[in-house]
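Quick notes on the structure that follows.
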Amino acid sequence: MLIPLGNRVVILPARTEEKKGSIYIPDNAKDGTRNGKVLAVGAGRVTNDGKLIPMTVKLNDRVWYGNYTGSEYQSEEGRVIILSEDEILLREEEKEIPTCPVIMES
């Protein structure tokens, strides 16, 4: 089990290999941003006066990060990326399904 320290995040990269003709183009050969699922989150960043700033990302969030950010690590889950929360570009919120009120007739 990976437990990141401070404001670090462990991300399982999404697989998005592309095929051009008979050649596969892996993720690391593409420019731009990558995305993945958050597997583990540290406690947060500690300021100079000792206050803890909690993380804004949480487990299972889908996040986007730059192509050349973070450090790769091989774990039981596969290849993961370890990066600081500052390197995350955006977080996708899950869409809430609106609920319909139940109308009971008497």
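No value in this document is a laboratory result; all are computed from the given coordinates. Since the model is a prediction, treat every value here as computed from it, not as a measurement. In this analysis, Cβ positions are derived from the backbone assuming ideal geometry, glycine residues included, and neighbour counts consider all displayed protein chains.
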* Take each of the peptides 42-51, 80-89, 59-68, average the number of other beta-carbon atoms within 10 Å over its residues, and list them starting from the highest. => 80-89, 59-68, 42-51
* Apply the Karplus parameterisation 6.51 cos²θ - 1.76 cosθ + 1.60, with θ equal to phi minus 60°, to every residue of segment 76-91 and state each ³J(HN,Hα) to the nearest whole Hz, in sequence, with x for glycine and proline. => 5, 6, x, 6, 10, 10, 10, 8, 7, 4, 5, 8, 7, 8, 7, 10
